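What follows is a single structure, written as structure tokens, with notes after it.
The values are calculated or read from the model by the stated rules, or taken from the named source; none is laboratory data. Note that this is a predicted model, so its numbers are computed, not measured. Here the Cβ is made from the backbone with ideal geometry for all residues, glycine too, and neighbour counts use every protein chain on show. Surface areas here come from the heavy atoms of the whole protein model, side chains and all, with no ligands, DNA or RNA. Shrake-Rupley method; radii C 1.70, N 1.55, O 1.52, S 1.80 Å.
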Amino acid sequence: MTAPLLVAAALLVALPGLALLAARRAGLGLLLLDRARCCRWQAGPCAGARRGMGFDPIFGAMLDAGALRALRAACEAGRAAARPAALFVKLPGCWRLAVLAPPPPPSLPDGVPVGVWLLDPRGRTLTGNRPLARLLGGAIPEGVATAGLQLCGPAGGEAPLGLDPGKEREALLRQPGQKPRRLLASASPAGGGWLLSLLDVTPLRTAQERIEHLAGHDPLTGLPNRGVLRAALDALAEDPGGGTLIRLDLDQLRAVNDRHGQGAGDALLRVAAGRLRAAIRPSDLAARLGGNEFAVLAFGLRGEGAMLLADRLRESLLQPVRHGTWEATPAARLGVAWTPDHGDGAEALMHAAQHALREAKRKGLGAASFEPRLLERARHRALLRDALAEALAEGGLALHIQPQRHLRTGALGGAEALLRWDSARLGRMVPPTEILAAAGEAGLTRALDQWVLRGAIALQREWLGEAGLPQRLGVNISAATLQDPGFAEEVAAALDHAGLPPSALEIEIPEDLAVRDLPAVAETVAALREAGVVLALDDFGAGHSSLAHVVKLPVHRVKLDRSTIERLPDDPRAYAVLRSTLAMARGLELEVVAEGVETEAQAEALRRLGCHVAQGWLVARPMPPEALRDWCAAPVLRAVS
């Protein structure tokens, strides 16, 4: 007999009141039977099993049917699943005492990610599994009231924490020195008490919140994105106080990316985002639209106040940015538009601010506000794009040919095919700069390059073997097309189909090709050279990237930009630049072509410096292909002979 059982038995004989108290504290049940083995009274958690105590063979041999019924009723009030320990003690007067020890609580599964908590009807702990202990800080508290749990939302259920039985609810777990954790809680009845399950969903909720944040924010800068800005613009449209939208582009991002890599560009964007946030009011919104584009939305601000805000934003960005070993000073162009004067809807205001931004870029201004006349310019650009698409589809474009001459011999040194467009729809000759800009806006650059390439190859096929005509024709190809890994194969296939040798075609690479695009372009250029196509670097000397291009790209020729040629023969600095360029070209075994040669004095200066080939109005103006035969038959100009 265990000590608690002996104590309970002894106390019942001597002091029944103390026996009752001892039974409750020890978790024992007392059952007093008379001579007829009927239950006289019971105390404490009498008989702990729902199924079993009344069916125990020991009891069956000692108790009559009435006692068994009484004992069974007591068992139904119990809460445990295992059989309790029992001992019968003979008392004076032939009474018998059944001392009943409630069984240990059932074991709960430990190999699950859920904390399982068995509670009595008053919410006090009976037992719990190991995941519950880990969840609650290492030890299971005495009851749910001291666990630091709080239900999210209203709590009106009958189960612990105010839960409704069988329904899952979210709860917060707050513990000293730790961040609150999010739990999924549910409760169900269990043997007169409650079985509470707790699942830690903190990582899931954190991930969901992160996903929701990313859905509305730029991951690099943390600023709201275009979607959030659009929702704010919709709200602005309903605000009678109006407001201002400012769109801005960072000017230095491309240069920083080219010189220092994308990591430096990302650092510049983060700094710019922080400065924009610091320069606006708490009620305003700064957003990143993508690339180097940002926007600021200011409620209740218009007119002069809007332009003052634009100036403040631009000034905040002009401070130098230092990151690692480099330093850059970002600049920005800003376009400003406000409601209701410039548009009363989200789309109208976005377009108005974009038109103003284009005007600031066109005029070289720090900031420009929207004006109605800008809409006319926008309509003109849209018309130009539509007309170009139509001309490209219906054969409205043409190629004109500008020949080249060797400066010392006067021999024909090849020719360049130049794009021309006399638009019947627009009623004017469209300059090449407008054609290229419209093609870029309309997404037609690749199609335009293909048209020029096909046209040049067709002309060369027509001239093939004809004496006195150019045996090599150059075409300008955009950087975007040169990055296409299939372009070299396309060129080789077109030449093969026309029956032309690869040397009949010269592809001119634009000098303004970004350094970051060099790896992709270099692969295409290497494949073209391997196929035998002649390669030239166009407008050499016009930008800071020329030296990098001529070193990294396997070209045969460099074409000097006209901005240097036009200063001859009077500018000593132009002489110095040309002298060093020609020395470099000789060292790399490159042929040098001077573009924009217009006077005999320029040709003579180039000849003395050792330039090989001249192209420009002094040699010939661009002409239709059918006029080239007559020109080639004419005497060679003395100035370049």
Sorting H549, H497, H400, H351 on solvent-accessible surface, 1.4 Å probe, most exposed first, gives H497, H351, H400, H549
Could you tell me the accessible area of C611 in Å² (1.4 Å probe, neighbours in place), rounded to the nearest ten?
-> 10 Å²
Residues whose built amide H sits under 5 Å from the amide H of G261, excluding neighbours closer than 5 in sequence, are none
In whole Hz, what ³J(HN,Hα) sequence does the range 122-127 give by Karplus (6.51, -1.76, 1.60; θ = phi - 60°), x for Gly and Pro?
-> 9, x, 8, 5, 9, 6
Length gained if A424 through K361 is fully extended, taking 0.36 nm per residue and subtracting the Cα-Cα distance, is 19.7 nm
Between the range 120-188 and the range 573-629, what is the C-alpha centre distance in whole Å?
-> 86 Å
With Rg and the Kirkwood Rh both taken from Cα atoms, where does Rg over Rh land for the range 392-531?
-> 0.97
Extension gain, H497 back to L318 (0.36 nm per residue minus Cα-Cα distance, nm) | 58.9 nm
Of all C-alpha pairs within the range 545-588, those more than 14 angstrom apart amount in percent to 52 percent
Would you work out what percent of the accessible area of the range 548-598, with all protein chains in place, is carbon or sulfur (probe 1.4 Å)?
-> 50 percent
Accessible heavy-atom area order of V228, V116, V551, V475, highest first, probe of 1.4 Å | V551, V228, V116, V475
Loop chymotrypsin sites (Phe, Trp or Tyr not before Pro), the range 559-641, which have at most 12 other Cβ atoms in a 10 Å radius of their Cβ (DSSP) = W617
For the range 309-357, alpha-carbon Rg relative to the globular expectation (2.2 N^0.38 Å, N residues) = 1.56
